[in-house]
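Asks: Quick one: the structure is below, and I'll ask about it shortly.
The values are calculated or read from the model by the stated rules, or taken from the named source; none is laboratory data. What you see is a predicted model; the values in this text were computed from it and never measured. With ideal geometry, Cβ positions are generated from the backbone for all residues, glycine too; neighbour counts draw on all protein chains shown.
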Amino acid sequence: MKNLTYKEIRKRYIQFFKDNNHQEIPSSPLVPEDDPSVLFVNAGMFPLVPFLKGETHPKGTRLVNSQRCLRTGDIDLVGDNFHCTTFEMLGNWSLNDYSRKEAISLTVKFFVEELGLDINKIYATVFEGEGEIPQDDESIEIWKDIFQSYGIKANVGVSKRIEPIGKEENWWELAAGGPCGPDSEIFYKIDSGELVEIGNNVFMEYLLKDGKYKPLGRYNIDFGGGLDRLTAILQNVNSVFETDIYKPIFQTVRDLSKKDILESQRIIVDHIKAATWIVMDEVLPSKSQQGYVLRRLIRRAVRHGKKLNIEGLFTKKVANIAIEQFKEIYPQLGEKKEYILKVIEDEEKKFNNTIK
């Protein structure tokens with residue numbers, strides 16, 4: 001296994017798929033353009049929805065990028081080893097181009113041959129079938145062949161190398177309907193014995209309309225993998241907050257803390273980093289929509305700062321390090337640095353005045 005920086009992992013991922021005839025596309029803003037169905041881009045494929053439905057993408061049928069994402073559904077889990085509100089999703093897409101076999105094979109080749117992950121520690125899940133949709137036997141056979149090529153006889157079943165699971169885990173669809181289909185998640189067994197998800201191939205071959213599934217008429221594939229988790233595994237650390245993605249920000253929070261409460265320190269790191277990304281996209285704290293999420297993140301960070309007995313205003317100091325950490329990748333952070341810092345600190349001041 002190769003010990004790589006998160007920048008090297010991202011670079012290798014993009015280059016690997018470019019070498020396999022994919023075209024790189026930029027990361028879209030966190031705030032969706034012309035789509036009110038969600039407040040923030042929460043998956044790498046979200047900006048690709050029109051093209052997954054059949055529009056022609058100007059860059060072709062094979063695409064790759066690293067997309068900024070924000071999810072608040074698991075906000076109460078932030079503070080553990082792996083959950084974050086903002087993260088980068090490594091993504092590649094086949095728009096009615098290649099097959100399941102090529103998609104899964106490319107994914108495994110990247111993980112094992114490019115990054116040096118141990119194939120013996122890789123596990124897969126597939127869709128077990130439900131209702132009128134049959135089990136994904138094709139993916140099962142593909143995975144068995146891939147493992148066999150590395151000398152591994154892969155058994156199929158509960159807690160086996162290949163595990164069929166139902167719609168709750170191995171089916172992807174938008175709440176509003178549209179392209180959907182079975183997926184195949186990839187897990188890596190870390191030293192503790194825990195299986196950590198490192199990627200997911202979604203095979204969009206159905207269309208959900210009026211509560212019914214029918215063949216989509218085209219075959220799209222979407223891969224997504226969290227850069228944070230992959231970095232933690234490759235750097236052989238127990239938490240994403242110990243990786244070089246977060247380490248400088250975490251150290252800043254730790255230096256400011258008068259109490260050593262790990263969960264609170266991690267929450268501040270995550271929430272202030274998220275706030276810098278949101279403000280970069282021209283969102284201001286408010287009582288509704290994206291602005292409310294921003295306000296909640298900043299104020300939640302301030303509350304945890306008080307748990308740590310941090311003295312005085314502190315969000316600006318943490319945000320400054322977060323901006324320095326990511327401005328090379330996202331130049332707008334550097335260009336808007338003073339503006340971002342002011343917005344975040346002003347909200348901290350307002351909240352402090354409210355709770356006095």
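Asks: For Glu88, which of the numbered conditions (1) among the acidic types (Asp, Glu); (2) crowded, with 21+ Cβ neighbours inside 10 Å; (3) more than 16 Å from Asp228 (Cβ to Cβ) fails to hold?
Replies: Among (1) among the acidic types (Asp, Glu); (2) crowded, with 21+ Cβ neighbours inside 10 Å; (3) more than 16 Å from Asp228 (Cβ to Cβ), Glu88 violates only (3).
Asks: So is Lys59 in a loop (DSSP other than H, G, I, E, B) and among the basic types (Lys, Arg) or not?
Replies: yes
Asks: For region 2-37, give me each residue that is touching a helix residue (DSSP H, G or I) at 6+ places or on another chain (Cβ under 8 Å) and either surrounded by 16 or more Cβ atoms within 10 Å (Cβ to Cβ) or part of a helix (DSSP H, G or I) (or both).
Replies: Leu4, Tyr6, Ile9, Arg10, Arg12, Tyr13, Phe16, Phe17, Ser28, Leu30, Val31, Pro32
Asks: Which fully enclosed strands (runs of 3 or more DSSP E) of region 162-249 have 1 or more residues being of a type in the set (S, T, N, Q)?
Replies: Strands (runs of 3 or more DSSP E) meeting the threshold: 178-189, 195-209, 212-226.
Asks: For the subset of region 314-333 comprising residues that are out of contact with any helix residue (DSSP H, G or I) (no Cβ under 6 Å at 6 or more places or on another chain) and either part of a loop (DSSP other than H, G, I, E, B) or at pLDDT below 95 (or both), which member is farthest from Val78 (Cα to Cα)?
Replies: The residue in question is Glu328.
Asks: From the list Thr72, Thr61, pick out the single residue that is in contact (Cβ under 8 Å) with a residue 60 or more places away in the chain, assigned by TED's automatic domain parsing to the domain that holds Glu194 and surrounded by 14 or more Cβ atoms within 10 Å (Cβ to Cβ).
Replies: One residue alone meets the criteria, Thr72.
Asks: So, one more: For region 283-310, give me each residue that is more than 18 Å from Ile355 (Cα to Cα), assigned to a loop (DSSP other than H, G, I, E, B) and free of Cβ contacts under 8 Å to residues at least 24 places away in the same chain.
Replies: Listed by number, the list holds a single entry, Ser288.
Asks: Same structure, new question: Tell me, which residue of region 106-122 that is in contact (Cβ under 8 Å) with a residue 40 or more places away in the chain and over 28 Å from Arg68 (Cβ atoms) is surrounded by the fewest Cβ atoms within 10 Å (Cβ to Cβ)?
Replies: Going through the qualifying residues, I end up with Asp118.
Asks: Evaluate the following for Val237: is it modelled with pLDDT of 90 or more, surrounded by fewer than 21 Cβ atoms within 10 Å (Cβ to Cβ) and among the aliphatic types (A, V, I, L, M)?
Replies: Yes: the conditions hold for Val237.
Asks: Being modelled with pLDDT under 95 and under 29 Å from Pro58 (Cα atoms), is that true of even one residue in region 158-173?
Replies: Taking every residue of region 158-173 in turn, at least one turns out to be modelled with pLDDT under 95 and under 29 Å from Pro58 (Cα atoms).
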